[in-house]
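Working notes for the structure below.
The values are calculated or read from the model by the stated rules, or taken from the named source; none is laboratory data. Values in this document were obtained by computation on a predicted structure and should not be read as measured data. Cβ coordinates were reconstructed from backbone atoms using ideal geometry, including for glycine residues, and neighbour counts include every protein chain displayed. Accessible surface areas use protein heavy atoms only, side chains included; no ligands, DNA or RNA. Shrake-Rupley method; radii C 1.70, N 1.55, O 1.52, S 1.80 Å.
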Amino acid sequence: MKYLVLFGPPGSGKGTQSENIIEKYGFGHISTGDVLRAEMTNETELGKIAKDYIEKGQLVPDSLIIDMLAKTLDGFHKTNGIIFDGFPRTTAQAVALKEMLKTRGGDVNVMINLIVNEKELLTRLLKRGQTSGRSDDNLETIQKRIDTYNSQTAPVIDYYKGEGKLTNIEGIGTVFGIFEKICERIDVE
Ligand code: AMP
């Protein structure tokens, strides 16, 4: 069982590359953003709380995210591997993930960090906002999400560097070219 953290700022291509990885490797996929949006659509308690944070471009509190992730992981059938997309977003979440996987006899095998500059992120997210229907894909919230990434999420890179799991991949280029580099890394595991 391989555990892959697909990391990068909003708009770096995590969702797109997750789809490619799922298709090629048959991995399971956990996107905390997707789970939260489903909770919002279903108007659950968690969904109602999360909405305020998401629409301000802030992170949903760690305790809620960690509980949610543990439940999602418990509901998973056996697969070749799991991609964590948009999680962990804080060092506390990364530490909690390590504990959760330890109880399952595993650990994160690789953390892929997709590197994309801010100008390109803004262009991509504004374009996505024209069709995504996401209430957080507007200029003001996008800027806040990028700031939140820089202050709270980027430190997670150092955590995985310390664990010897970090692989940096340039996230600008063709989708296929980037995917090939991701595959090279997955294949050595
Ligand atoms: P995403 O779909 O990954 O871009 O996530 C959309 C929004 O959901 C983020 O801007 C956060 O408000 C929230 N969110 C998603 N994943 C997490 C997480 N791991 N920790 C905290 N908040 C999250």
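Observations on the structure shown:
- Selection of first residues in region 136-150 that are among the basic types (Lys, Arg) and at pLDDT 95 or above and of second residues that are within 12 Å of the ligand (Cβ to nearest atom) and open to solvent by less than 60 Å² (accessible area, probe 1.4 Å), restricted to Cβ pairs under 7 Å at least 6 apart or on distinct chains, gives the following pairs, ordered by first then second residue: Lys144/Gly57; Arg145/Pro10; Arg145/Gly57; Arg145/Asp136.
- Every listed requirement among (1) free of Cβ contacts under 8 Å to residues at least 40 places away in the same chain; (2) open to solvent by 20 Å² or more (accessible area, probe 1.4 Å); (3) farther than 19 Å from Tyr149 by Cα is met by Leu69 save one, (2).
- Where Asp34 falls short, out of the listed (1) near the ligand (Cβ under 8 Å from one of its atoms); (2) crowded, with 17+ Cβ neighbours inside 10 Å: (2)
- Tallying residues that are in contact (Cβ under 8 Å) with a residue 24 or more places away in the chain, part of a helix (DSSP H, G or I) and open to solvent by 40 Å² or more (accessible area, probe 1.4 Å) within region 99-115 yields 0.
- Filter result (more than 10 Å from the ligand (Cβ to nearest atom) and open to solvent by less than 60 Å² (accessible area, probe 1.4 Å)) within region 76-91: Thr79, Gly81, Ile82, Ile83, Thr91
- Qualifying positions in region 37-66 - open to solvent by 40 Å² or more (accessible area, probe 1.4 Å), closer than 20 Å to Gly133 by Cβ and near the ligand (Cβ under 9 Å from one of its atoms): Arg37, Tyr53, Glu55, Lys56
- Subset of region 155-182 [open to solvent by 50 Å² or more (accessible area, probe 1.4 Å), assigned to a helix (DSSP H, G or I) and hydrophobic (A, V, I, L, M, F, W, C)]: Val175, Phe176
- Scanning region 116-140 for residues that are among the hydrophobic types (A, V, I, L, M, F, W, C) and not in a helix (DSSP H, G or I) gives a single hit, Val116.
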